[in-house]
Amino acid sequence: MTADRSDFDRWVLRPGPRTDPPLRLLCVPYAGGGPAAFQGWNELLPDAVEPWLLRLPGREARFREEPHTEVSRLVKEAAAVLGPALDGPYALFGHSLGALLAFELARELRRGYGREPVHLSVSARAAPHLPLRHAVVHRLPDDLLLEALDRRFQAIPPALRDDPQLRALYLPVLRADVTLLETYAHTEEPPLSCPVTAYGGTDDPEFGPGELEAWRRHTSAGFRVRSFPGGHFFLNTERAALTAEVTGDLLATLVP
């Protein structure tokens with residue numbers, strides 16, 4: 001690993017470092033989330049896979065930093081640290097906003113560092129070339145923004161509405177992440193040469209099966225869709241089953 005250690009630790013949490021792992025998995029969280037979104041993954045993944053949990057500006061250990069509102073800037077900064085540090089095969093997993101960021105991070109690492117992943121897993125997100133299904137909400141006043149997001153995801157905790165200190169800490173990050181999603185403009189590039197798996201919740205109102213299937217366009221290799229019971233955050237309720245599926249894909253990349 002040749003990246004500056006302090007920059008690397010700012011961007012990446014390694015909850016269970018492995019010795020010379022055959023594969024590293026970059027995990028990118030959903031809007032408003034951080035490494036805690038992947039609680040328990042270190043224990044559920046095999047020893048052959050070392051998880052690297054991406055730390056985004058504005059939350060958890062980086063809460064004093066301004067959150068980003070431009071996808072291109074965010075992935076360029078992350079790639080500048082990750083590119084030199086990735087001295088072996090890697091894969092990516094991203095959930096919701098994290099799926100979009102993982103996809104763009106894979107393309108940025110390919111463009112800038114000649115490093116393409118061996119697998120990309122995208123979860124709870126429609127393919128990036130598709131138009132937004134919902135009205136733009138990132139400019140709404142705080143209360144209306146929270147109401148709009150709660151209607152869509154059913155995941156806004158009551159404390160975020162009622163606790164002024166919590167709102168002051170968390171809402172700017174959430175608004176910035178929604179801005180990332182709503183201002184993103186897809187640009188065409190050659191498809192990735194690695195396999196892609198798209199995961200979805202059977203009761204997720206954010207997209208339909210066709211919008212998951214549309215990820216096929218972004219790979220010249222294998223593609224599959226897998227569904228789990230639950231809504232947008234099946235990542236939490238189906239953690240063991242999801243990581244088992246991800247593990248199967250990752251171990252397949254290690255077989256000659």
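The values are calculated or read from the model by the stated rules, or taken from the named source; none is laboratory data. Because the structure is a prediction, the values reported are computed rather than measured. Cβ sites come from the backbone with ideal geometry, for glycine too, and all protein chains shown count toward neighbours. For accessibility, only protein heavy atoms count, side chains too; no ligands or nucleic acids. Shrake-Rupley method; radii C 1.70, N 1.55, O 1.52, S 1.80 Å.
Values as computed for the structure displayed
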quantity	calculated
Sequence-separation-based contact order of the chain, relative, with Cα cut under 8 Å and 6+ spacing, percent	19
18 Å cut-off, amide nitrogen to a point 7 angstrom out along T183 Cα→Cβ, residues in segment 12-43	31-32
Segment 14-112 - accessible surface per residue (Å², probe 1.4 Å)	35
Percent carbon-and-sulfur accessible area, the chain, ignoring ligands, DNA and RNA, probe 1.4 Å	54
Cut-off 18 Å, label 7 Å out along Cα→Cβ of R5, residues of segment 13-31 by amide N	13-20
Efficiency of FRET from Cβ geometry, E77 and L130, R₀ 41 Å, rounded to 0.05	0.95
Base-10 log of normalised Debye intensity for segment 159-256 (one unit scatterer per alpha-carbon) at q = 0.13, 0.14, 0.16, 0.18 Å⁻¹	-0.68, -0.78, -0.94, -1.07
Inter-label distance for Y113 and R152, nm, one decimal - labels placed 7 Å from Cα along Cα-to-Cβ	3.0
Surface accessible to a 1.4 Å probe, E147 within the full protein complex, Å²	80
Solvent accessible area, Å² - E65, 1.4 Å probe, full protein context	60
Rounded to 5, the percent of DSSP beta bridges in the chain classed as antiparallel	5
Descending semi-axes in whole angstrom, ellipsoid equivalent of segment 16-80, from the Cα gyration tensor	24, 14, 9
Largest to smallest principal axis extent of the C-alpha atoms in segment 1-156, angstrom	48, 31, 28
Additional length obtainable on full extension of the chain from L144 to T202, 0.36 nm per residue less Cα span	18.2 nm
Amide hydrogen neighbours beyond the local backbone of Y90, cut-off 5 Å, H modeled	R24, V118
